[in-house]
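**Q** Have a look at this one.
The values are calculated or read from the model by the stated rules, or taken from the named source; none is laboratory data. Quick caveat: nothing in here was measured; it's all calculated off a predicted structure. For neighbour counting, all protein chains shown are included, and Cβ atoms are generated from backbone atoms with ideal geometry for every residue, glycine included.
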């Protein structure tokens, strides 16, 4: 009886080895995975809750593949602790940061990039190849993913999750009609520290408006002497590296004409 049991165990172990290691990337997107730590913080105490209690609150089946994928994916991203058959689930420190209210802050973006892209070899390698350049077509991405250790059958899923994570983090931007992958450093520079995210967050000045003087002629031009603050506008122009010199000249000539009233 003991020999039979040992033989069966060895057979099962051999089968597990034949399946190979797990996928080197999560099976769900980062945006989907965030649902779990947010739900734990909402329904539990101190970032922890009984697994079955949480699933009842979410009205999902404990044995469904979607539930297992959600719990396993959130764990793989590092957002939660506990497997799909663990008694309880808890939120990690990183999960608390990502689940915070200020999703547009640099701290959240930086932590999100580390969890969603940088900690997975295939995603990190592909990002390094693509950053600050045009997003390539699927067959080219598949080739690179295979080079970074993703199996043939998993390439499509890996590419879709990788691209979805980039979009969620704001790392894909339309430039001259084509999608480009931005570096995380670029995105962080575009979000000044302490900047407000909506007009409703701006402080309202209830002080009386200061009096403005009439227009004054100076050197043949009309200017307005005013105590009001000056308006400063920054304009960024992203030009496709493949653009011709003639097209670039036309772009700047158009800017000169429309912004400064200059004729070429």
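**Q** Checking the conditions here, which among 160, 110, 185 is farther than 21 Å from residue 77 by Cβ and either modelled with pLDDT of 95 or more or in a helix (DSSP H, G or I) (or both)?
**A** Among 160, 110, 185, only 185 is farther than 21 Å from residue 77 by Cβ and either modelled with pLDDT of 95 or more or in a helix (DSSP H, G or I) (or both).
**Q** Turning to a different aspect of this structure: Restricting the search to segment 73-96, which residues are part of a helix (DSSP H, G or I) and buried (at least 18 other Cβ atoms within 10 Å of the Cβ)?
**A** 73, 74, 75, 76, 77, 95, listed by residue number.
**Q** Are there any pairs, at least 6 apart or on different chains, whose C-beta atoms fall under 8 Å, with the first in segment 133-144 and more than 19 Å from residue 182 (Cβ to Cβ) and the second surrounded by 13 or more Cβ atoms within 10 Å (Cβ to Cβ), and if so, which?
**A** Every condition considered, the pairs that remain are 138/156; 138/159; 142/155; 142/156; 142/159.
**Q** A follow-up question, please. Only residues that are more than 21 Å from residue 23 (Cα to Cα) and without any contact (Cβ under 8 Å) to a residue 24 or more places away in the chain: list them for segment 64-115, please.
**A** 93, 94, 97, 100, 101, 103, 107, 108, 111
**Q** Looking at (1) in contact with a helix residue (DSSP H, G or I) (Cβ under 6 Å, 6 or more places away or on another chain); (2) assigned by TED's automatic domain parsing to the domain that holds residue 49; (3) within 14 Å of residue 26 (Cα to Cα), which one does residue 91 not meet, given that it meets all the others?
**A** (3)
**Q** If residue 54 passes every condition in (1) surrounded by fewer than 19 Cβ atoms within 10 Å (Cβ to Cβ); (2) at pLDDT 95 or above; (3) over 25 Å from residue 166 (Cα atoms) but one, which one does it miss?
**A** In the conditions (1) surrounded by fewer than 19 Cβ atoms within 10 Å (Cβ to Cβ); (2) at pLDDT 95 or above; (3) over 25 Å from residue 166 (Cα atoms), residue 54 misses (1) alone.
**Q** Okay, next question. Do the conditions hold for residue 179, that is, is it outside any helix (DSSP H, G or I), modelled with pLDDT of 60 or more and either surrounded by 10 or more Cβ atoms within 10 Å (Cβ to Cβ) or touching a helix residue (DSSP H, G or I) at 6+ places or on another chain (Cβ under 8 Å) (or both)?
**A** So residue 179 fits the description; yes.
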